[in-house]
Each structure stands twice: as C-alpha cells, then as structure tokens.
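Student: Submitted below is the structure of interest, expressed as structure tokens.
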Protein chains: 2
Amino acid sequence: MISAGFSSAFADEGMWLFNNPPLQQFKEKYQFEPTPQWLEHLQKSSVRFNSGGSGSFVSSNGLVITNHHVGLDTLQKISSEKNNYVRDGFYAKAQKDEVKATDLELNVLMSIEDVTEKVKAALQPNMSGEDASKARGNALAQIEKESREKTGLRSDVVTLYQGGQFHLYRYKRYDDVRLVFAPEGQIAFYGGDPDNFEYPRYDLDVCLFRAYENGQPAKVEHYLKWNAKGPADGELTFVSGHPGRTDRQLTVSDLAELRDQEVPYLLNMYYRREAFLHAWSARSFENKRRAQDGVRGVENNRKRYDGYATALLDPEVWRLIEQREQKLRDAMNASAEWKGTLAAYDKIKQAQEAAARVLPVYNYFEQFRGSPAAGYRAPRAFYSTLFQYARRLLRHGDEMSKPNGERFPEFRDSYKESLELELFSSSPVYDDYEIVKLTDSLTDMAFRLGADDSLVKQVLAGKSPIDRATELVTGTKLKDPAVRKQLYQGGASAVSAAKDPMIELARLVDGPAREARKAFAAQDEIKQQAYAEIAKARFALQGTNTYPDATFTLRLSYGPVSGYKEQDKPVAPLTNFAGLFKRSTDHNNEPPFDIPKRWLDRKAKLDLNTPYNFVSTADIIGGNSGSPVVNKANEFVGIIFDGNIQSLVLDCIYTDKQARAVSVDSAAITEALRKVYDAGALADELGK
Amino acid sequence: MISAGFSSAFADEGMWLFNNPPLQQFKEKYQFEPTPQWLEHLQKSSVRFNSGGSGSFVSSNGLVITNHHVGLDTLQKISSEKNNYVRDGFYAKAQKDEVKATDLELNVLMSIEDVTEKVKAALQPNMSGEDASKARGNALAQIEKESREKTGLRSDVVTLYQGGQFHLYRYKRYDDVRLVFAPEGQIAFYGGDPDNFEYPRYDLDVCLFRAYENGQPAKVEHYLKWNAKGPADGELTFVSGHPGRTDRQLTVSDLAELRDQEVPYLLNMYYRREAFLHAWSARSFENKRRAQDGVRGVENNRKRYDGYATALLDPEVWRLIEQREQKLRDAMNASAEWKGTLAAYDKIKQAQEAAARVLPVYNYFEQFRGSPAAGYRAPRAFYSTLFQYARRLLRHGDEMSKPNGERFPEFRDSYKESLELELFSSSPVYDDYEIVKLTDSLTDMAFRLGADDSLVKQVLAGKSPIDRATELVTGTKLKDPAVRKQLYQGGASAVSAAKDPMIELARLVDGPAREARKAFAAQDEIKQQAYAEIAKARFALQGTNTYPDATFTLRLSYGPVSGYKEQDKPVAPLTNFAGLFKRSTDHNNEPPFDIPKRWLDRKAKLDLNTPYNFVSTADIIGGNSGSPVVNKANEFVGIIFDGNIQSLVLDCIYTDKQARAVSVDSAAITEALRKVYDAGALADELGK
C-alpha cells in the first residue's frame, strides 16, 4: 500500500532515528522488543562512508563491508592503467598487501544529543532572514566546536524535520582505510545500467575494507556476527544505514518546484554528461577506465531521477501528497492553538518565489542536490576535480579570516580534518579527462546563462570552451598535492600570490556565486523557521511516533523479506546463482550480461542453489547502499545495494505495494569468497 | 581558411544552384569549363531520397546508389525479427528477389524556373504579417498546382535566400523502389558513434536500390558511368546532392538565438532520447532491433548539434559571422540607395522577439528543425509514429475543407501523392516501442510546460505518462493501414466519427498548436520580407556570383581530394582496407570496432591496398549523404557519407582549413561487391 501519512500502523514505513526507534510498531506488529543494548550494538557496528554510502564492521579487526559501488570511488582512485582493480577485482591475501585509500573517511556514530533549544535560543523574533541565518550559523558552529574540544570526536549538528529539531551527532573518524577485497566490476554490477534499479537481480555488489588506527588494524568492540545462511522468505530484517535525502515532509509547493524545475534541471545535466562521457569513453580502453566511475555515477543518477520524475508525475502519488498536506492543514484549521501555523505554508511559497531570482546562478554554481550525499558536499560547477580544489583553496583562504561561526559550514573548525583529507588526496588527476569534463561544463554554462552573459564572457575569456578548458587544465599547478598543501597552509595571501589560472577562475565566479548563495540562504532560513512551525504543529496534532526526512545520518529501517507482483505475475523474493548463469545464457553472454571468466571456470564448484539477492519491504533510499541487513539476533544476513524501480517513489512517499529494497545475501558472499576467489581466510574472519 | 564572405575566390566554397553554377571559379581556379550537357547529365543522374538524403542513378536499369544510413529507414521498415537486413545485410541475386520499400519516394529534378516576380506580385505593401503570409501561401499553391496539372510532375516552389528568390522545381517521382543490396550494418557504420563525424574512417556506407515504373525496372536516360579506380589525391571532384539546411545568411541576432536557445533545446531533446532509447534497447535483442534506426538518428543528431554548438561558441567563428554582417551593413550605409535596408535587421530582431511569446508551444509541438530534412516534414511532437499518423489524418480532414492556397503547405494538392505514400505505409509499428517513445514525450512535455499547465493536464487526462501512453497506443486502430486509408478517404466526418483515442489526442493539442504556428508564421513572414530586402541589397552590392543557404534541394559543390593537419600532424586523404583491419586489431575487435565475420573470412582474397574512404574540400552538410562524387569526366568516383568533426562549423560558415567531406571510394565498393559479397553481377551492372 501507499501510505498517505508518516506512521501508518500497517506498513513497514520509516527511516527512524536511533534515539526514537519505532518500538511500538516492533512490538505490535512483530512482537519484537529490542533491548537498548541491541540498538547500541547495531548503531556502533554501522559505518558511514563519507564518499556517499553505508557499511558495517564485520570483524573485531576493523574489517568493514560495503557495496562495490560505494567502494568504487576509492577503487578508481587507487587503480592505474596497469592495476585495474575496478575491472579485475582485488584480494589481499596478507595484511601487508592491503591498499590504502587516498581520501576515504569512515564515521561511526557514538552518541546523539538533542540541542534544539540551544539553537532556537540564538534566534530573536523579527530577525531578518539574513540576520537569522547568521545567528543560527554561529550557534551551530559554537555547539560543534565545544563538543569537538570536549570529546575529541567529529561533532556535527544535524538539522531534522527541515528545521524542527537539531541533534548533535558525535562520530569516531577513521581516515586510514585499506582495501581488502573487491570482485570484478562486471559481477559486482552484473547487468549494468539495464538491470540497475531492477529486480530480479544477480549482483555481488560488495567489497571489503579494513579500518586502521595508528598503522594497525582498528580493534573494534562492536561488529556484527556473520550468519552464513542468509534470511528466509518472510523473515523480519532490520537495516541500519545512512539514507541521503528524502522529500516527504516538503510542502506541496516545494514538491511542485522539485517536479517542474529541479528534477528536469538535474536530468538535463545527467543526460548531457552521460552522452559526452560515453562518447569519450568509447575512444579507447584507457579513456573508459579513467571515466568509468564518472559514467557509473551519472548513469545511476539519471535512472534514479528519471524514476523520481515518473513518481512525481503519477497522479495517484500526487493525490496522496496533497492529501497528506491537507490532512495536517485541516487539523491545524480545527485547532485554536495551531490555526495560525497555516501561514507557514504561505511563507514557504513566498520564500521559494523570492529565491527563484537567483536560481540560475545558484543552481549552476552552488547547488548541492545531485552531488554525492557526503559530509563535505561539493558545490555543483564546474565539473572538474581541479576546479573543485581551486575553489576550496580560494574559499578556505577567504573564510579563515572570519570567526568560526560566520564561515560557510564546510569551513568550520569541526570539518577541518575532513577537508584536509580530501584536499591533500593523492588521487590521480588526468588532464584529458579533466579537459573533456570542463569543456562540457563551460559549454553548459553558456547554454544555461547565454553566450552573451557578462559572467560567461569573463569565464571564457575570449576563447572557445575547449581552448579555455585546455589552457586552464594544462596551466594549473593544483594537480600536485604538495602545491595544494602549501597554498592551504599559506592561506589567502599564498593563494593570491600563486596566480594559478584555475584559482583565478574560481575567484572570477566567486563573487556572483557567493551573492547567489547568500540570497538563497536568507530565503532558506525563512523556510526553515516556517518548517519548524509546521513540525511543531505536526508533533502536537499527529504525535511524535514519527521520523524526519533523510539527512545522510544513521537511521533504522525494517521489514520482512517479501516478494511482490508485477503485472499480476509474482516476483520471487530470492534469486540464486543458477539464475545468474541463466540470465547470461539468455543474452548470449554479451555485455552487460557477460560473466567473468573466473566465475565460468568455477561454476562446477559452486552450489547453484545458493541464495544470491533478495528483496524486503524496508524503507531505504540512496545513501543506504552498503547498509547491513540484520536479523532479530543482530546477525549480518545481507547487505543493501539497491531499490527496485518501483522504490524510486520513496523519495516523496512510502509504499510497500511493489517498492522493495534489494540486498546481496550473506550466503552468496561466503560461497563466492570460498569457491570463486579462494579467499577462505577472509571468509573465516567474517563475524569473528 | 575560414571564409568571411560567400564567394571567396580562394576557397572551394558553395552549395551552388544548378541554374547559377560557379563557372567563373571553375575556370579561373581549375581551368575547367563544363558544358550545359555536362551539368544537365549530372543534375538528372542525381536522386533525392525524401526520407532525408541523396543518391544517384548508376545504371540504365534504374539502379540507385545511396548511403546505408540513408537507406536505413527503409531497411528498418522491411526488416523483422526473422529477416534482420539491418544487421545481416541483403543481396538480391535475381531481380525477383528485390524487396519493395514500404514508403520510399525518390525525386529527380527535371527543371528549374524562377518565379520570384510572380510570388512578389501577390504581396501588397503594408499588408499585416498574417495577411501577407496568407497571400504568399495562395500564390505558391497556385503556381505549384498549375505546374502539376500542366506537366504531371511533382512541383515545389523553393524559397531561396530566406525569401529573396522563389524557384519552381519540377521532379519526376518514383514511389516503387526496391532494395537490391546492403552490407552488414556493422561494416556500413564501422566504428559506430565514436567514429561518426571523424576521420580517418573505414565505412562501407552504401546500399543499392532500384527504381521501378509500372512494375518494371525504370529505364533512365541519365545515369553515371562507373570509375572503378576512385579519385587520386589532389584530383578535382564534384558533388551533386541535397544539403538540408545551412544558416549562413542568417543575421547575427538570428544566429545568437540559434546558439543560445534552439541548439541547446535540440541537444536536450536528443540527450533525453539517447538515454531512454539506449536503456530500452539494452533490455533485449529484439528491443535493440526495433529501436536501432531511432538510436542511430538520435546519436547522429546529438553529435551533429554538439559540433554545431562548439562552432557557435568559438569566438573566432563568431567574429567572422559578425564581420560578414558588418561588411554588408557598411556597404549599405555607404550607399544612398541601400541605406534604408539597414532597417531590415531591426525588423528581423523585432519579429524574433515577438515570436518568442509562442515558442514554448511552437517548439514543442510544431517546430520542424531537427526533423529529417524531407519533402514532407513532420512536426516535432509527440514522438510517436501513431500520433503522427493521427495528426495528419485529423489535419488532412480539416485542411481539405479549405481552398488549396489556404492550407498548411504539407496538405496542398501538389503533395497529395507523397502524403498518401507515407500515410498508407505498411511499415511495422511496434506497441512497446511506441509506448516507450510516447511516455518519454509526454514526460518531456510536462517538464517543458510544467505539470500544472492546463494543456498538460488535458493531455495526460489524470493519468501518469506511462499509463496514458499505454492507453493511447493499445487503444488506437491506426496501426492498420486500411483503417488509415479509410479515415483519409472519409475526410473530417469519418475522422471525427472514429473516436480513435490517438486522433482525439491530436485534436486536443491541435488548437494551441495551430495558434502557435499561425502566430509564428506571421512573424516569419515579416522576417522573410526583411531577408528579401537584405538579399536584394546583397546582390546589388556584392554581386550575384553566390549561392543561397541549403534547402534540401539539388546543389553543386566541388573541391579536390585533400588531406589536412590536425594538431600539426598530417591526416592522409585516403584510407584503405589494411587500415580497417588494423583499427579492429587496435581495439581487440570489440564493438563498435568489430569486423563482420564475412570480412574476416574473405580477408585473404581482398586487395588490402584498395582505397576505402577519402576526404575532399567540397562544401557539404547533412542531406548530402549519398551524393555522388564525380570527376571532370562526370564519372562516379565515390559517394559522400559524412563530414569530419571540423566540418560541423559549415552550418554557419565555410572553411577549408580542416573541414572535409568524407566519401566511400568507388574502388572499395567494386572490390567489396566482388570479393566479399560474391555480387559480381551487381558490380558488372554499375555504370552500364
């Protein structure tokens, strides 16, 4: 069913906060009453990948399992033309062979503290949007800094309910992370783009890293026990991970803007990128290797937002969205205490209209949406690693002259270590790939703003997009991490003195981009306050047994393993290895349905009845990739890697009619490690 | 060099009218003086493919050679899951085996008559744009109808110089056309999208049809002799074909609109279509087969407009465009007689601004640009064969109640036979392919106009795009040619009575679409008059030794076989079969660089030194595909199939620095027919 509310008793809905879990639903529907220790163990076994995904500890020696597509960012960065780990896979037979990631940060949530009142106290009534935004920034920075200094933990204040609550999350950071195992890309992403977001599915979408501390494998207290059988059909399972973003509590007017403006904007961007990246990749094997991570990301986003658009244009979905809002409005209207809150809806619409003025520049240069949901989120344009370095160096120099609370959030003291990890990364940067991406980005800018626009003319500096991109990429010194480190440490004066062309480009767009961001933030602050009012009314009128929209922070979801019907035909909840070989045969073993040689060679050794992938009704979204799936005994029985196509509606509304979370079965992981990859030692370590 | 004018004596510029050939340039630069008979022979040996391309007669028995990618439309329509001529190729060993096309019309230009004064006489001074548009339509229809009745030939009045001249073209029509030979798609389009618009090249992009009259092979007087050696490096060659559209005489303001609005609009459309067609094609071999023609067209247009965008954003190109206009403006300004014509530039800009009001609807539903440059041009949306049938039937019914001169041009009496050929086509229509295209088109409409737009709401009728598309495609009876024929013959009342859902959809959008088209046409008329004034001034001030922008009518281009330099490295003008095998080896024979089995099997029999593809400086553009390349002796030495990537600037300006036309060498065609395809009889017929 599709749920019109947020806490239907009939559906396995919700991305629940660990400090407000759905104990009532667990008890009433599943007669399950987890202890506080059960919850704490799952929470502290869960790992956030700041590159944009989830994972979990699966051994006392810091072994972390995640999806191959979550690890892909790192696999790409540590690969070369000679060592193509993405294509060929990797297994470190001995600990000394494990390969260090260039800039991967893992976070483990250690505690949650409600700081809503502290944040609210910073705001005075009748402050302008701009003043309130500044006051709020100061308050958040202060709380984070104090916590960081007191505990030594990474401390982030998380905005929940679009501004209705503020919780302080403290994380243990790991920034020495090493690759242990990855299968061939082709089996991890078997079926490629055609099978992405589809089911039945046959993907070994896993890889394993190890967290290190002080040069030694991290000794962790909380890690999941391994269940090598996987879950049964109908068995209740739990998912602990980091869903990136949902829009379920947005107003109808905000969702209409998303439907008519933002999603089409993003799709156009991804369609463009997909076309030129495919074209460039097809020219040579090495081009393909260099762009493969980019291609995958773009294809995935295109399919995801296409599915979201389909949902938003479905009148049944839209009717439920309208009903959801109307139900709350009616309740407000019927209440003397909350009637005045109805005005908040108008405030949101007005702020949205006021922000539209700066949207062309804001959307092109600053907007985060569509970027990987990471702790540090990179503004959108230009589409170039070197430009992103340049802008961070420039802004870091400028921002550090301000008090901590007045900086852009990504330059607050609390993010210093994460920023440095990314900025000093030794990841390879390829001139040709940079040029092709930047050329497209400059062309897109001319399309979106018009070639006669004065900013466009300044940026292109009298050159064609390709000539300008070539000049910038070949002229900059920022490819060298040592240069970046030196400019970072030298601050604004060193950054200026460098006269680096990419930094000068960043400076050129920084004025208009900051102006747009400031204007947007002022309207966003007005929205936050209005959403806070609505949230307060919702708690009062509809209760607090609910959950906020996803924010790339730890959440708990649940639901049984469960098939569904498609065009009246049943779709079985579990697949097996036999199905993999059949699907390949049905497609003449042609890409993207070809099976890696090692699998063909070992076919006879495999138990073809081994369960491979399964679906459940758990409420998940992008960012949940790599989340552990556990049973009531808190044992690892699978790992989330996708949703089916019908699940893409979950951005804005929950349904368990056909929407399903897709996981790799723990049984398949064990069987493959032992029989295909001769990685018995690794299989033995799981859960130990 | 890049030419700033239109008739530089230094460059082989121009798509010349056969009634105003560049005799002076031929004589001065190449000491060549073709006789009127030479020109007439080439003209009447040339063939227009109304599906969007060129060709030529190469035997007295009506044998016509064109590109594989021009014939592809027909190859697709006559193929099935069992007989996949596109993939496998085809050769009719006996005449009885030749396969009849479903709706292919060939045109041969028999005469040209200047009717400019007749058309001008219809316009009164100070008429409104709308009245003038109507008066002009009447005059054109009258001229065409009289000519058709007098001669029995298809008679089209062609608008040249954006309205500066009007010429009556009379064509002999062939509508019984049969497939004789096609190679495998993979060798015809070797290198696929990555190699499209690139050079060096290795494509056997040819196929052969035969024109029939009264059920027998057409006996033609004019056909080209076959030269089995091909041209030498540096040899002067001539190209006779049908370039589709160029924009060289547009004003700077019109070109700026093209650069900032129209080209980005088209590219977004093609990016979208490419993404969803690729995704759908990847699901099964049969999907891929059904969509392959569509995919090719979309990929080709995407790459073409991407190249055009690159040119328009190149400041050197833009400077020359501005200089070209400024030079003429300066000459006007210096002349008492023509100074007043400067006002025409403002009129064009004003008309452009006035038309912008209706552009969202006009662009989505009616605009022709980006459609195949055909005699009958289908308006843009919706992207569905069945919808296009429905709209034609609806409009035919409505338009036939009007006098001939007041109808939309595509329903004038002179196009009757062409319209019926397309409308009664027995080409297969696949429900699943129709649904996926229409779903995308409805989604795109919601994106472009907004889901709350009243027209969008009416069109979707309370359903999601996929549900609405499914309902329409499965509900319509228009898949059956007999039903279409019956509704066509029954006229407006039968069309109404049918209550066919697809026709009802066409009716729903017809009001707003007609309104936008009418408003656009009124502004276009104002533009035409202003362009006519500018053209008159140009003739007076810069001479008449010039040529109009391309209009998918017969033109003569010329230039020697000539290599060029790329990044200071020389690119040789000719490739050979040895190069084909090497390119495959360099890419591990992986798609799209794989070589068909038959070619691998016959490799030893082939003379690997046979010239395969070559480049020349001839001035060509899309629509020239399939044009014969002849030598001074009027012998067939090759066939145009592409331009290199640097040639995509030719839309707006000529250059021979790197821009090159790409052809298949006649020697390669002969060698392949004899040694690979065992088609010696066909090779023997060439030129006989």
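Student: Which residue is it, in chain A, whose C-beta lies closest to the A-to-B rotation axis, and what is that distance in whole Å?
Tutor: In chain A, the Cβ lying nearest the symmetry axis toward B is A:Tyr271, 2.
Student: For each pair in A:Lys349/B:Lys518; A:Lys303/B:Lys457; B:Lys100/B:Lys225; A:Lys172/A:Lys657; B:Lys100/B:Lys485, compute the distance between the two Cα atoms and list the pairs where it is over 27 Å. Mind showing how you got there, number by number?
Tutor: Values: A:Lys349/B:Lys518 37 Å; A:Lys303/B:Lys457 25 Å; B:Lys100/B:Lys225 25 Å; A:Lys172/A:Lys657 38 Å; B:Lys100/B:Lys485 20 Å.
Flagged as over cut-off: A:Lys349/B:Lys518; A:Lys172/A:Lys657.
Student: Here is a further query. Over all distinct Cα pairs, what is the inverse of the mean 1/r for the protein assembly as shown, reported as the Kirkwood hydrodynamic radius in Å? All intermediate terms of the calculation are to be shown ahead of the outcome.
Tutor: Numbers: mean 1/r = 0.0294 Å⁻¹.
Radius from the Kirkwood sum: 34.0 Å.
Student: Mind putting together the pair-distance distribution for the range B:17-145? All Cα pairs, 5 Å bins, whole percent per bin, short to long.
Tutor: 2, 8, 12, 13, 12, 12, 11, 11, 10, 6, 3, 1, 0
Student: Within 10 Å of each Cβ in A:274-286, how many Cβ atoms from other chains are there, averaged over the peptide?
Tutor: On the way: counts 4, 13, 3, 0, 6, 7, 1, 1, 9, 4, 3, 4, 0.
Average per residue, whole number: 4.
Student: Taking the Cα of A:Met400, stepping 7 Å toward and past its beta carbon, and measuring to each backbone N in the range A:421-441: which are under 14 Å?
Tutor: A:421, A:423-424
Student: So, one more: Can you give me the P(r) profile for the range B:495-544? Cα pairs, bins 10 angstrom wide beginning at 0, each as a whole percent.
Tutor: The percentages, shortest bin first, are 22, 24, 20, 16, 12, 6.
Student: Quick one: which residues, 5+ away or cross-chain, put their amide H under 5 Å from the amide H of B:Ser56? H built at 1.01 Å from N.
Tutor: Amide H neighbours of B:Ser56: B:Val47, B:Ile65.
Student: Find how much the distance from B:Ala94 to B:Asn126 grows on full extension, using 0.36 nm per residue of separation minus their present alpha carbon separation; answer in nm with one decimal.
Tutor: Working: separation 32, 0.36 × 32 = 11.52 nm, distance 6.31 nm.
5.2 nm is the gain from fully extending B:Ala94 to B:Asn126.
Student: Sticking with this one: Within the set of other residues whose C-beta is less than 13 Å from the C-beta of A:Ile621, count the net charge using Lys and Arg as +1 and Asp and Glu as -1.
Tutor: Values: positive: A:Arg245, A:Arg248, A:Arg304, A:Arg555, A:Arg660; negative: A:Glu13, A:Asp247, A:Asp549, A:Asp619, A:Asp642, A:Asp651.
Cβ neighbours under 13 Å give a net charge of -1.
Student: Right, something else. How many nanometers, to one decimal and shortest first, lie between the label point of A:Asn588 and those of its other copies, if labels sit 7 Å from Cα toward Cβ?
Tutor: 1.9
Student: Assume the label is 7 Å from Cα along Cα to beta carbon: what separations in nm does A:Arg245 have to the matching positions in the other copies?
Tutor: Output for A:Arg245: 3.7 nm, nearest copy listed first.
Student: Let me ask another. By a straight-distance test (C-alpha under 22 Å), which lysines pair with A:Lys229 as possible cross-link partners, with residues fewer than eight away in the same chain excluded?
Tutor: Counting by Cα, and skipping residues close in sequence, A:Lys229 has these lysines nearby: A:Lys603, A:Lys605, A:Lys632, A:Lys675, A:Lys688.
Student: Could you name the aspartates and glutamates in cross-link range of A:Lys150, using Cα to Cα under 15 Å and dropping any fewer than eight places away on the same chain?
Tutor: A:Glu113, A:Asp413
Student: From other protein chains only, count the Cβ atoms within 10 Å of every residue's Cβ in B:311-317, then give the mean. Write out the running numbers ahead of the final one.
Tutor: Working: counts 1, 3, 12, 5, 9, 4, 1.
That average works out to 5.
Student: Right, another one. Before rounding to the nearest 500, sum -39500 (n - 2.57) across all DSSP H runs of length at least 4 in chain B and divide by the residue total; then give [θ] at 222 nm in deg cm²/dmol.
Tutor: Result for chain B: -14000 deg cm²/dmol, rounded to the nearest 500.
Student: Next up: What are the semi-axes of the equivalent ellipsoid of the range B:215-335, taken as the square roots of 5 times the eigenvalues of the Cα gyration tensor, listed largest first and rounded to whole Å? List each step's numbers first, then the result.
Tutor: Values: eigenvalues 253, 180, 41 Å².
Output for the range B:215-335: semi-axes of 36, 30, 14 Å.
Student: While we're looking at this one, here's another question. How high is the FRET efficiency between A:Asp452 and A:Asn588 when r is their beta carbon distance and R₀ equals 45 Å, given to the nearest 0.05? Please report the intermediate quantities before stating the final value.
Tutor: Details: r = 52 Å, r/R0 = 1.16.
Step by step, r from the Cβ atoms, then E = 0.30.
Student: What percentages, rounded to whole numbers, describe P(r) for the range B:307-353 computed over all alpha carbon pairs with 10 Å bin width beginning at zero?
Tutor: 23, 36, 33, 7, 0
Student: At each listed q (0.09, 0.11, 0.18, 0.20 Å⁻¹), what is the log10 of I(q)/I(0) that the Debye formula gives for the range B:519-667 modelled as equal alpha-carbon point scatterers?
Tutor: Listed by q, the Debye log ratios stand at -0.44, -0.60, -1.19, -1.32.
Student: Using only alpha-carbon positions, what ratio does the radius of gyration of the range B:237-297 give when scaled by 2.2 N^0.38 Å?
Tutor: Numbers: Rg = 17.1 Å, N = 61, 2.2 N^0.38 = 10.5 Å.
Compared with the compact-globule rule of thumb, the range B:237-297 sits at 1.63.
Student: Here's a follow-up. State the Cα centre-to-centre distance between the range A:492-526 and the range B:47-117 in whole Å.
Tutor: Using only Cα atoms to place each centre, the spacing works out to 58 Å.
Student: Still on this structure, please answer the following. Any idea which of B:Ala188, B:Phe209, B:Ser155 is furthest toward the positive side of the dipole for the range B:142-211, if Lys and Arg beta-carbons carry +1 and Asp and Glu beta-carbons -1?
Tutor: Result: B:Ser155.
Student: Provide an ascending nm list, one decimal, of label-point separations from B:Asp607 to the equivalent residue in each further copy; define each label point as 7 Å from Cα along Cα→Cβ.
Tutor: Values, ascending and in nm: 6.7.
Student: Find how much the distance from A:Asn138 to A:Phe32 grows on full extension, using 0.36 nm per residue of separation minus their present alpha carbon separation; answer in nm with one decimal.
Tutor: Working: separation 106, 0.36 × 106 = 38.16 nm, distance 4.27 nm.
Contour length minus the Cα-Cα distance gives 33.9 nm.
Student: Skip the ligands, DNA and RNA, and give the accessible area per residue of the protein assembly as shown with a 1.4 Å probe, whole Å². It would help to have the intermediate numbers written out before the result.
Tutor: Working: 49960 Å² over 1376 residues.
Averaged over the residues of the protein assembly as shown, the accessible area is 36 Å².
Student: With r defined as the distance between the Cβ atoms of B:Glu471 and B:Gln261 and R0 fixed at 35 Å, what FRET efficiency is calculated, to the nearest 0.05? Provide the component values of the computation, followed by the final result.
Tutor: Values: r = 34 Å, r/R0 = 0.96.
Computed FRET efficiency for B:Glu471 and B:Gln261: 0.55.
Student: Run the Debye formula on the Cα coordinates of the range A:583-661, all scatterers equal and no solvent, and tell me log10 I(q)/I(0) at q = 0.15, 0.17, 0.18, 0.27 1/Å.
Tutor: Debye output, listed in q order: -0.76, -0.89, -0.94, -1.17.
Student: I need the Debye-formula profile for the range A:55-206: one equal scatterer per C-alpha, no solvent, reported as log10 I(q)/I(0) at q = 0.09, 0.12, 0.13, 0.20 1/Å, two decimals.
Tutor: -0.48, -0.73, -0.79, -1.14
Student: State the three equivalent ellipsoid semi-axes of the range B:166-240, derived from the C-alpha gyration tensor as the square roots of 5 times its eigenvalues, in descending order and whole Å.
Tutor: Numbers: eigenvalues 164, 78, 48 Å².
Those come to 29, 20, 15 Å.
Student: Could I ask something else about it? Around A:Phe181, what is the net charge, scoring Lys/Arg as +1 and Asp/Glu as -1 over all other residues with Cβ under 14 Å from its Cβ? Intermediate values should be presented prior to the final figure.
Tutor: On the way: positive: A:Lys93, A:Arg178, A:Arg210, A:Arg598, A:Arg674; negative: A:Asp88, A:Asp97, A:Glu98, A:Glu184, A:Asp205, A:Asp678, A:Asp684, A:Glu685.
Residues close to A:Phe181 contribute a combined charge of -3.
Student: A follow-up question, please. Let me know the mean shielding of B:189-197 by other chains, meaning the per-residue number of their Cβ atoms within 10 Å of its Cβ. Let's see the in-between values first.
Tutor: Numbers: counts 0, 0, 1, 1, 4, 8, 2, 1, 0.
For peptide B:189-197, the averaged partner shielding equals 2.
Student: For chain B, what's the relative contact order in percent, using C-alpha pairs closer than 8 Å and at least 6 residues apart?
Tutor: Values: 1307 pairs, mean separation 183.8, N = 688.
Normalised by residue count, the contact order of chain B is 27 percent.
Student: Probe radius 1.4 Å, ligands and nucleic acids left out: can you give me the accessible area buried at the B-A interface, summed over both chains, in Å² to the nearest hundred? Intermediate values should be presented prior to the final figure.
Tutor: Working: alone 26530 and 26550 Å², together 49960 Å².
Using a 1.4 Å probe, the pair buries roughly 3100 Å².
Student: Work the Kirkwood hydrodynamic radius out for chain B: mean of 1/r over every pair of different alpha-carbon atoms, inverted, in Å.
Tutor: Working: mean 1/r = 0.0385 Å⁻¹.
Over chain B, the inverse of the mean reciprocal pair distance is 26.0 Å.
Student: Expressed as a whole percentage, what fraction of the accessible surface of the range A:267-426 belongs to carbon and sulfur atoms when a 1.4 Å probe is rolled over the protein heavy atoms?
Tutor: Details: 2990 of 6020 Å².
Carbon and sulfur atoms account for 50 percent of the accessible area of the range A:267-426.
The values are calculated or read from the model by the stated rules, or taken from the named source; none is laboratory data. The shown structure was predicted, so the numbers you read here are calculated from the model rather than taken from an experiment. Here Cβ is always computed from backbone atoms with ideal geometry, including for glycine, and neighbour counts include all displayed protein chains. Accessible surface areas use protein heavy atoms only, side chains included; no ligands, DNA or RNA. Shrake-Rupley method; radii C 1.70, N 1.55, O 1.52, S 1.80 Å.
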